[in-house]
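Read through the structure below, which is laid out as structure tokens, and then see the notes.
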Amino acid sequence: MKKTTTNKNFIIGFCMVLAVLVFALAGLVFAPFDPEEMDAASKLASPSFKHLFGCDNFGRDILSRVQQGTRMTLLIGLGSTAIGAVIGTILGAVMGYFGGLLDEGLMRVIDVLFAIPSILLALIFISLFGTGTFNVILALGFAIVPSFAKMVRTEFMKQREMDYVKAAKLMGAGRGRILFVHILPNVMPTLLNCVLISLNNAVLAEAGMSFLGIGVQPPQASLGRMLSEAQGHLQTAPFYTIFPGLVMIIMLLGFGLMSEGGGLKDAFRRKS
Amino acid sequence: MLSVENLKIEFYDHSLPETAVDDVTFTMGEGEILGIVGESGSGKSLTALSIAGLLNRGDITKSGDIVFNGLNLLHCKRSELRKLQGKDIAMIFQEPMTCLNPVKKIGWQVEEALRVHGEKDKIKLKEEAIKALTDAGLEDAERIYASFPHQLSGGQRQRVMIAAAMISKPKLLIADEPTTALDVTVQAQVIELLRRINREKKTSILFISHDLSLVRQLCQRVLVMKDGKIVEQGEAEDIFANPQEEYTKELIMAIPVVKKPD
Amino acid sequence: MAKYMLKKILMLVLTLLAVSFVVFAAFSILPGDPALQKLGTEATPEKLEAMREQMGLNDPFMVRYGKWLLGMLTFDFGKSYSYSMSVTDLIGDKIFINFTMSSLALVIVCAVSIPLGIYTAKRVGGVVDKIFIVINQLFMSVPPFLLGLLLTFVFGLTFRLFTPGGYIDYHDNFIGFVGYLICPAIAIALPKCAMCIRLLKANILEEAKKDYARTAYSRGNSTTSMLYRHILQNAIMPTITFIGMVVADMIASGIIIEQVFGIPGLGRSLLSAISTRDYPVVMAIVMLIAAGIVIISTVTDLIYAWVDPRVRVTGDEE
């Protein structure tokens, strides 16, 4: 019974993420307005047939901006997760498999970095290298590395003791081959789950950073940026907060449901 | 004292019910040691658990009767059953490592059966607990009373379990594979302890085991179970000397030859 | 236990040392000359050199690090580049704001999630449990700042229980100060409450399946006495560790929440210091937050040890 509920959660979450993705990508083909086009006449206009989500304080169409912002948020999320996952997996694999002094030393560093919340790490990074979309991706990617490496390390430590690894060693497989050809496919389910959790965190952190004004820079839109701009108009134009907020919640809920309780592990196993 | 009639236990974890115990009927007298043998999955532990009133999962149905001193345990209220549990019927389990609560002191756990059934006097509780621990063959009872489970060895823990079970002087002690997790010398000591309890306190013991040689050492009467059914029952000596069923013969054949202590 | 405590405290000191080194090294390799930045357009080579000497920039790296480290031990974090005052004077007042906000959030997390975790575990599969599964999942997915905006809208603008942006300083009115921080604390705490409820419930249900729970039933315990006398103490232990991590997260999300509610705390100072490249301030705040987090994680470890006799009595972890 438990299996079916996690699987159901995974499907619901997947549909939510897919819906957000379709919504965001649709803007490339069909956006009602240019997201950066200002129209002084319709400043903070309420939702209407012309502007389904209303207009912001510069008279820009919120629907178009939410679409653009979602793409930006997803891009940053995916980009930073990719960076964090690649570096984290390599580090974690090497640490977990070889162990010893190298592992011990790196683990201390990771523990220290782990003690600092990822948003603070990203803030330090930004304060060192400056703002901008690319730096945000790097910063968040960097912030993901410690937790990712830690999770992968545990998994590789477990696999190291397995019989198939010993067999591969006896057959004379090289270290790199054992790590990435033999073990990696076996840790895929866990890895994918880590990716989902990291995506969730990256989207959350990007939103937070853009909300603070140190993420995506104007005139580009991102969901966090929009929410921060909307804050001043909360009373007069609540819809300005509601729509970007709603999209963000649906996206995060989707990721949450997909990664929840190893739902992905389940869905993945069933497939193979 | 205890009679089990047509006990049937079914699982409903899939759509089709699966019968784990089927039409089990037997009786036990006062002061008797009855053994149930069978391999794992034969339903012996489920039978024991249902007598102790510990089989209350939603996906299990039980039918038949279990009558203990005039009370039908299968069909009485939970509150009535609870009055017996720990007082008249006590149970010890296979894994002494995990059967004790890791964060509570031994003394507290040994006293528990008395406390649950109304004893409040702390001094008296401690006295009884120390006595029970000493009776269970633990020499350093004061120290063990103040210890935590992780500070004791497996054998000590099983003795603690026995002390906790015997503290309220139950009429029936159910022992579910109590020696399986212990090494051989400790095993023999625990069997000896059970025998002494039976002799001195007149406690009836229902001894569940997969190990025929242990059952032979301890029990007067034996039930042999296979696939949820009783395939053979009788006096221990008769069964060993003259097994009727093929399955029993196989079980006896499987015992490594040990000289029987006289 | 004493040995265990000593070990943990030693680890705490070492971790803080490592963090301080990483932070100092990171901000030292930066391109750009703080002396030049401070002098701005008035810079002449002579003035620049004098300023460098005065700021101690000509010392070797380890000497500068040592000075900075020793300074921190006496709560001297150096001088702000942007303002001609010491970092301590600049941010000293603000620590209390963040401390109060995080403590309030912690109280909310404990007060809400422990009873609800127990309740939903007791009535697992019931209507309340099912409702909470949905609510928890929802709250875990809402970023705190969005929750902050929602709370501002509902309690600030609709019910007018507080004035959005109308922060009250604790020097003026302590009760008002705490009252104003309640909403931000709720915004930080709710997602964590959701996680804690779920974790505690899962732990209780898992412990209830263990052998010792069966033993307790065999002694005639009722489900209730079973839960409170046996299971809870075991189930709460992983929750303690988790709450320690949660506090760290809450301190971090406090930085963002400050902006939503217009609270002049450490987060705001950090942001303005980042934008003006006022590195001594950035370093000081990062160190303070890191210290707070590391201290909390040590405290949780010690509480854990105190609750778990396996660590308390023998002094080693499992």
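All of the numbers you see were taken from the coordinates with simple rules; none came from a lab. The model shown is predicted, which means the values in this text are computed figures rather than measured ones. So basically every Cβ, Gly included, is an ideal-geometry build from the backbone, and we count neighbours across all protein chains shown.
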At what distance in nm do the modelled label points of C:ASP93 and B:THR134 sit from each other, each positioned 7 Å from its Cα along Cα→Cβ?
-> 7.1 nm
B:SER79 paired with B:GLU5, simple spin-label distance in nm, labels 7 Å along Cα-to-beta-carbon | 2.8 nm
Relative contact order for the range B:133-262: what is it in percent, counting Cα pairs under 8 Å that are at least 6 residues apart?
-> 16 percent
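Please state the charge dipole magnitude for the protein assembly as shown, taken about the Cα centre, from unit charges on C-beta atoms (+1 on K and R, -1 on D and E), reported in debye and rounded to the nearest 20.
On the way: 82 positive and 78 negative charges, 105 e Å.
That gives the protein assembly as shown a dipole magnitude of about 500 debye.
Ignoring the sites themselves, what is the longest stretch of chain C with no trypsin sites (Lys or Arg not before Pro) in a DSSP loop and at most 12 other beta-carbon atoms within 10 Å?
Working: sites that count: C:ARG160, C:LYS209.
Answer - C:1-159.
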Helix-only [θ]222 nm of chain C, DSSP H runs n ≥ 4, -39500 (n - 2.57) each, per residue, nearest 500 | -25000 deg cm²/dmol
log10 I(q)/I(0), Debye, Cα-only chain C, no solvent, q = 0.07, 0.08, 0.09 Å⁻¹?
-> -0.39, -0.50, -0.62
When the Karplus curve 6.51 cos²θ - 1.76 cosθ + 1.60 is applied with θ = phi - 60°, which whole-Hz ³J(HN,Hα) does each residue of the range B:171-179 get, with x for Gly and Pro?
-> 7, 10, 10, 9, 10, 9, 6, x, 10
Sorted by mean Cβ packing within 10 Å, highest first, what order do the peptides B:120-130, C:147-157 take?
-> C:147-157, B:120-130
Residue (of B:ILE123, B:ILE144, B:ILE162) at the positive-pole extreme of the range B:111-174, dipole from beta-carbon charges | B:ILE162
Taking R0 as 35 Å and r as the Cβ-Cβ distance between C:TYR228 and B:SER63, the FRET efficiency 1/(1 + (r/R0)^6), rounded to the nearest 0.05, comes to 0.55
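Beyond 41 Å, what share of the Cα-Cα pairs of the protein assembly as shown remains, rounded to the nearest whole percent?
In whole percent, the long-distance tail amounts to 50.
Give me a single rounded figure for C:270-282: the average over its residues of other chain Cβ atoms within 10 Å of their Cβ.
On the way: counts 5, 5, 0, 1, 9, 5, 0, 3, 1, 2, 0, 0, 4.
Taking all residues of C:270-282 together, the mean is 3.
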With the dipole of the protein assembly as shown worked out from charges on the C-beta (+1 for Lys and Arg, -1 for Asp and Glu) around the Cα centre, which of A:GLN231, B:ALA175, A:SER259 lies farthest toward the positive end?
-> B:ALA175
Cα centroid separation, the range C:76-93 to the range B:199-256 (Å) | 84 Å
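Suppose every K and R has +1 on its Cβ and every D and E has -1 on its Cβ; what is the size of the dipole of the range A:118-272 about the Cα centre, in Debye to the nearest 20?
On the way: 13 positive and 7 negative charges, 169 e Å.
Charge dipole, the range A:118-272, about its Cα centre: 820 debye, nearest 20.
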Okay, which of the range C:264-299 sit inside 17 Å, backbone N to the point 7 Å along the Cα-Cβ direction of C:LEU57?
-> C:276-283
In chain A, how many lysine pairs have Cα atoms under 25 Å apart, counting only pairs 8 or more places apart or on different chains?
-> 16
Give me the Kirkwood hydrodynamic radius of the range C:112-233 in Å, from all C-alpha pairs, to one decimal place?
-> 16.8 Å
Can you find, among A:THR81, A:LEU28, A:PHE148, the residue farthest towards the positive end of the dipole of chain A? Put +1 on the C-beta of Lys and Arg, -1 on that of Asp and Glu.
-> A:PHE148
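Of all alpha-carbon pairs in the range A:45-132, indicate the percentage at a distance above 20 angstrom.
On the way: 2281 of 3828 pairs.
Percent of Cα pairs beyond 20 Å in the range A:45-132: 60.
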About its Cα centre, chain A carries a charge dipole, from +1 on Lys and Arg Cβ atoms and -1 on Asp and Glu Cβ atoms, whose size in debye to the nearest 20 is 1100 debye
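Averaged across C:135-144, how many Cβ atoms of other chains sit within 10 Å of each residue's Cβ atom? Before the final figure, lay out each step's value.
On the way: counts 0, 0, 7, 4, 0, 6, 14, 6, 13, 2.
The per-residue average across the peptide is 5.
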Using a basic spin-label model with each label point 7 Å from the Cα along Cα→Cβ, how many nm lie between C:ALA111 and C:GLU42?
-> 5.3 nm
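Need one value for C:303-311: mean number of C-beta atoms belonging to other chains within 10 Å of its residues' C-beta atoms. Don't skip to the answer; put the middle values down first.
Working: counts 0, 0, 0, 0, 1, 4, 9, 6, 1.
Mean partner-chain Cβ count within 10 Å for C:303-311: 2.
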